[in-house]
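The values are calculated or read from the model by the stated rules, or taken from the named source; none is laboratory data. A quick note: this is a predicted structure, and the numbers were derived from the prediction, not measured. Here Cβ is always computed from backbone atoms with ideal geometry, including for glycine, and neighbour counts include all displayed protein chains.
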Amino acid sequence: MGTDTVTCRFCAAPLMHEVVDLGMSPPCESFLSAEALDQAEAFHPLRVLVCDRCWLVQLREYVSAQEIFGHEYAYFSSFSTSWVEHAKRYCVAMTERFGLSKDSLAVELASNDGYLLQHFLPLGVPVLGIEPAPNVAEKAEAIGVPTLVEFFGRDLADRLVAKGKAADLIAGNNVLAQVPDVNDFVDGIARLLKPTGVATLEFPHLERTLAGNQFDQFYHEHYSYFSLLTVEKIGAEHGLVLFDVEELPTHGGSLRVFFRRRDGAGPAPSERVAEIRARELALGYADLGVYRAFGESVARTKRRLLSFLIEAKEAGKRVVGYGAPGKGNTLLNYCGIRTDFLDFLVDRNPYKHGRFAPGTHIPIHPVEEIDRARPDYLLIMPWNLEREIRQQMRHVGGWGCKFVVAIPEVRVIEPSEVPA
Ligand SMILES: [Zn+2]
């Protein structure tokens, strides 16, 4: 950080190619109090780069992980019903597939408020959460999930193994992206695993991010973005074999990759690994072209969303944003959408109520505020939860309100339309 030559956080090659420049924005989980509105706010470049040696797509670490996650953190996983369900299915499936029992240990990295590990408790599998943000870790402890308030890496892995806490299963959901030192983190996973242990990592699949025009997946809290090709390379560097992979619908299309230790006995890589690897190669994920084409499709989305909003406002319509997820702030800041276009945002997370979106200063209210304000359009910010939100909010059709999503394309949806 702070030097002129930017190098790849995995392979240290100089970074010379831009994927997209999303302008300047503040850290997207820094929701502001009313008093903070009168103060200066730190904006950092949101410039996405790709390494032409290992194809890791990445941002510079403008904002340190300590600044983002090491204190009060606004994101509580349990506020998304569908995400908690996803976590529950995972725990049941892993317990069956890998024969976890009362003699096993399941560890989650960035365990948040215990939304996942809690589901191992009724299955009789001992758990350990690792979560750097004390306020969310506290919620996990309260529901019976033992949680260490620390950042994970080589050092913590070694200390845990020394205490007899090696893992049969390590889960890392949407954490790999948030790790500034990816080598230290993945090495820590290799060290914490028992020889027969399995680590699963979930992350938005870069192929879906680029093909689906999901530019709001890029924000300062996410330092890295992965293809299968690249994550396999990173694992191999640290003695891990990527032996299976699943494609999941979560977060706009994710991969769940399965790693085991190369020095332990275990299955050979599955057919599915070979398939996705071949598909990524065929699509050009080890080539510059696919990365270069992205910028223009992002700019086009910005123009279309602004055209829609300008037309709606000129016609005297009221537009409200549903959801204030971190990624919503990338979209709002990049497009320059403030209270001139959106009256307010609503969110289910009470932590955000009475606060303001970073950069754009749009106020955030409880969901019930929609029924009082009766807007004409509801812009769904977390488009990956579109179905869930349309079902929860279908009553807004009662006063003629319509839904709008911006990604992958700007689209207006009648509430009567059955969710796909
Ligand atoms: Zn690299």
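Once the stretch 314-345 is narrowed to residues that are among the hydrophobic types (A, V, I, L, M, F, W, C) and in a loop (DSSP other than H, G, I, E, B), the residue that is surrounded by the fewest Cβ atoms within 10 Å (Cβ to Cβ) is A315. Please verify whether L309 is part of a strand (DSSP E or B), among the aliphatic types (A, V, I, L, M) and crowded, with 21+ Cβ neighbours inside 10 Å, treating the condition exactly as stated. Here the answer is no, as L309 does not meet what is asked. For the residues A157, A171, the requirement of being assigned to a strand (DSSP E or B) and modelled with pLDDT of 95 or more singles out A171.
Considering only residues in the stretch 12-44 that are in a strand (DSSP E or B) and under 30 Å from E280 (Cα atoms), the one that is farthest from the ligand (Cβ to nearest atom) turns out to be G23.
Here is the figure for the stretch 45-65: residues that are touching a residue at least 40 places away in the same chain (Cβ under 8 Å) and away from the ligand (no atom under 16 Å from the Cβ) total 5. Annotation: R97 fulfils all but one of (1) loosely packed, with under 15 Cβ neighbours inside 10 Å; (2) of a type in the set (K, R); (3) within 16 Å of the ligand (Cβ to nearest atom); the unmet one is (3).
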